[in-house]
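Structure record follows, encoded as structure tokens.
Bear in mind that the values in this text are calculations on the coordinates, not laboratory data. All values reported here derive from a predicted model rather than from experimental measurement. Every residue, glycine among them, receives a Cβ derived from its backbone with ideal geometry; neighbour counts consider all protein chains shown.
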Amino acid sequence: MKSANYLILFLLFPSFAFSQKALLLYGGKDHDVYLGCLNCSEYDSDSIWNEYGKYGSEYNSNSIWNEYGTFGSEYNSYSPWNPYSSDPPVVVDKDGGFYGYFTINQYKAKRAESELSLIIYKYYKEIRKDVSEWHDKIFE
């Protein structure tokens, strides 16, 4: 019975994840730089999981996966990967609902603590090496 419950959860999770409101990342001084969609399909051009798209590419300057860019560096205060970041990206929905700050800084007040965020925080170094593979691990 327990394995049947896991199978049902496994089959329902991807549709559940994509049926929720799109969670959007915004960074920069006034959080006015769009950084992509956190929970969108890997085929969505705005998705951080689309390695061929603007926001999932390890080469785009506004990608959180570009370790040399403003929003992907472990040293920039606007990056989610800086453990001391004071001004990391925010997670919002299209209606402006605030879901927290997207950051590995565990001491940042109002840090986004969704299950998806926590997985990304924990494995971001591995994820940036193969965004597509990790999308499949997390959502499928």
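For the range 43-60, the Karplus equation 6.51 cos²θ - 1.76 cosθ + 1.60, evaluated at θ = phi - 60°, returns couplings of 8, 6, 5, 8, 6, 6, 9, 8, 5, 9, x, 4, 9, x, 6, 6, 9, 6 Hz by residue, with Gly and Pro reported as x.
Computed from the C-alpha gyration tensor, the three semi-axes of the ellipsoid equivalent to the range 50-131 are 19, 15, 12 Å, from longest to shortest. Here the dipole of the chain is about 400 debye; that uses its Cα centre as origin and unit charges on the Cβ of Lys and Arg (positive) and Asp and Glu (negative). Diagonalising the gyration tensor over the Cα atoms of the range 38-93 and scaling each eigenvalue by 5 before taking the square root yields semi-axes of 20, 13, 7 Å, largest first. Among 105-116, 63-74, 20-31, the peptide with the highest mean count of other Cβ atoms within 10 Å heads the list, and the full ranking is 63-74, 20-31, 105-116. In straight Cα distance, which lysines are under 28 Å from residue 54, not counting same-chain residues fewer than 8 positions off? Reachable lysines: 21, 29, 94, 108, 110, 122, 125, 129, 137.
Temperature 4 °C, viscosity 1.567 mPa s: under these conditions the Stokes-Einstein estimate for the range 2-139, based on its Kirkwood radius over C-alpha pairs, is 86 µm² per second. Have a look at 95, 46, 87 and tell me which one the Gaussian network model of the chain (Cα, springs below 10 Å) gives the largest fluctuation. For the chain, modelled as a Gaussian network with Cα springs under 10 Å, the answer is 95.
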